[in-house]
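Have a look at the structure below before the remarks.
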Amino acid sequence: MKRKYEIGFIINPESSEEEVKKVVDSIADVIKKTGGTIENIDEWGLRPLAYAVEKHKEGIYTFINAELPGSAFFDIERRLKLTEKVIRFLILRLDDKLKKANRLTKKWQKIDRFNKKESAEERVAPARNRNPKAIKKDEEVGNA
């Protein structure tokens, strides 16, 4: 079963363009060999890091969106660990995030429907929710 993944990795900033292209191509080859399909390769270029990694304050960011079988995950992870030019990487399974987002959206929609229904009931019959003794007192005050 194929699932959607986002593979993000940071390459050593001292690498040349050829070395960066070689790393990206090697990851793309692993994806294709394992039966996956690449949807998008997004190269951000040289960006500052949040904190120093291996004494580097900048890195070359690259993100690959792909649809992979589950077994390909380990091959890609192993390739990224063994590549010396990659200083950090992260692989996210997107379909889990989408399912969670859909569940939250449905929950919020349900809460909104409940709140709208509740506010509509208050507008239609405000006296129904009041205490009956308070209603009699209001009537007595009105007659006096």
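The values are calculated or read from the model by the stated rules, or taken from the named source; none is laboratory data. Here the structure is a predicted model, which means the values were calculated and not measured. Note that we place each Cβ from the backbone using ideal geometry, even for glycine, and neighbour counts take in every protein chain shown.
Right, Ile60: in a strand (DSSP E or B), at pLDDT 90 or above, surrounded by 11 or more Cβ atoms within 10 Å (Cβ to Cβ) and touching a His at 6+ places or on another chain (Cβ under 7 Å) or not? Break it down stepwise before answering.
Details: in a strand (DSSP E or B): yes; at pLDDT 90 or above: yes; surrounded by 11 or more Cβ atoms within 10 Å (Cβ to Cβ): yes; touching a His at 6+ places or on another chain (Cβ under 7 Å): no.
The answer is no for Ile60.
Yes/no per residue for (1) over 24 Å from the mean Cα position of the chain (by Cα); (2) modelled with pLDDT under 95; (3) exposed (fewer than 15 other Cβ atoms within 10 Å of the Cβ); (4) within 14 Å of Phe89 (Cα to Cα):
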residue	(1), (2), (3), (4)
Phe9	no, no, no, yes
Ser15	yes, yes, no, no
Ile31	no, yes, no, no
Thr34	yes, yes, no, no
Thr37	no, yes, yes, no
Asn40	no, yes, yes, no
Arg47	no, yes, yes, no
Tyr51	no, yes, yes, no
Lys55	yes, yes, yes, no
